Amino acid sequence: MKKVIAMLSSILLALSVVGCSSTKKSSTSSTDQYPLTLTHAFGTTTIKKEPKRVAAIGWENGDTPLALGIVPVGVSRSNYGAETKNHLHVWTDQAFKKLGENNPVVFDDTDGWDYEAIAKTKPDVIIASYSGMTKEEYETLSKIAPVLPYKKNAWQTTWRDQTIENATALGKKKEGEELVKKTEALIKEKLSSYPDLKGKKSAFMWFSAEDLSKFYVYTLKDPRAAYLQDLSLEVPESIKSIDSKDFSLTVSREKASTFKDVELIVTYGDEALLKKMQSDPLLSQIPAIKNGAVVLLSSDSELAAGTTPSILSIPHNLDNYLKVINEAAKKA
């Protein structure tokens, strides 16, 4: 840690000499008053003046400023699902290009935050409302610029909260709320074509074809599971009753019958995985598995990434997501 801090100190000293000139495309045009004090899991962050240069780290936090018409000075690399040559999800890359940026700065944080790369972008604020940031990481990042992490727990921020919290840090809370309303209206419009989805008891789970002795159930604290409710699917009582502070729960195969009220499952995998689960006498006690009412998401697809929703991924993936869910629901 001392080495990291020393490195940051030298970088920041150099940046202070060079200065922080911002470009029009990366600046905000806020109407909120400053200073802004934001409360989060690690305390409070005060943003003294309107941020002109925005760095976004963690899962799709850069989608918020992009949706607001702001080009981030740097964003985290997509680390799951299909990615473009810029190492971004398609919808994120498209948003950059729409705003005139064809070669965005992308942080490779696969093995942890790239503090040096983040510092080099000279950010005025670092947004990460949906992330797994630790307190130690927060403190190190705060030496670069004011940081907005998650409000309560890691990886438990819904797409609505992600959008509004990130927008608030940019002085654009009202605009963020408006984006959420427009997206909710879009979802409602699209759902009108899928009336049979309403009330289907559904869950988001994870299985490994190499080891079916256990599986993972995503709780309602996870944005993937929470998003299913937006799509008019019902939460089974077995999921509602999970008493856990975590976003997922490890379940042994012997307890598969606990989820006998699950009619539809969304998971990552392929037909081979489904066949193995159906041939398992315990897992096949779950109605969704027995009947084949399972949405199978290829790990290298756009949709696999889009099931963890953001303000940009929803409009990009919604049609395809509803289509595959509807196909699975027909078997329920």
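Couple of notes before you dig in:
- Put simply, of ILE47, ILE57 the only residue that is at pLDDT 95 or above and surrounded by fewer than 24 Cβ atoms within 10 Å (Cβ to Cβ) is ILE47.
- Taking each residue of region 87-109 that is part of a loop (DSSP other than H, G, I, E, B) and looking for partners that are surrounded by fewer than 17 Cβ atoms within 10 Å (Cβ to Cβ) with beta-carbon atoms closer than 7 Å, six or more apart or interchain, yields HIS87/ARG77; LEU99/LYS25; LEU99/GLY69; GLY100/LYS25; GLU101/LYS25; ASP108/ARG77; ASP109/ARG77.
- Top-ranked residue in region 154-181 [being in a helix (DSSP H, G or I), of a type in the set (Lys, Arg) and touching a Ser or Thr at 6+ places or on another chain (Cβ under 9 Å); ranked as nearest to PHE247 (Cα to Cα)]: ARG160
- Count - residues of region 222-264 that are modelled with pLDDT of 95 or more, closer than 25 Å to PRO315 by Cβ and out of contact with any Pro (no Cβ under 7 Å at 6 or more places or on another chain): 13
- Odd one out for THR250 among (1) loosely packed, with under 15 Cβ neighbours inside 10 Å; (2) assigned to a strand (DSSP E or B); (3) more than 23 Å from the chain's Cα centre (by Cα): (3)
- Leading residue by the ranking (farthest from TRP59 (Cα to Cα)) among those in region 82-122 that are among the hydroxyl-bearing types (Ser, Thr, Tyr) and at pLDDT 95 or above: THR121
- Only one entry of LYS200, LYS172, LYS221 meets the criterion of being surrounded by fewer than 22 Cβ atoms within 10 Å (Cβ to Cβ) and either basic (Lys, Arg) or within 30 Å of ILE70 (Cα to Cα) (or both), and that entry is LYS221.
- Unique residue being touching a Lys or Arg at 6+ places or on another chain (Cβ under 9 Å) and surrounded by fewer than 13 Cβ atoms within 10 Å (Cβ to Cβ) when the list is ASP270, ASP319, ASP300, ASP280: ASP319
The values are calculated or read from the model by the stated rules, or taken from the named source; none is laboratory data. It should be emphasised that the depicted structure is a prediction, and the values quoted were computed from it without experimental measurement. Note that each Cβ is placed from the backbone with ideal geometry, even for glycine, and that neighbours are counted across all protein chains shown.
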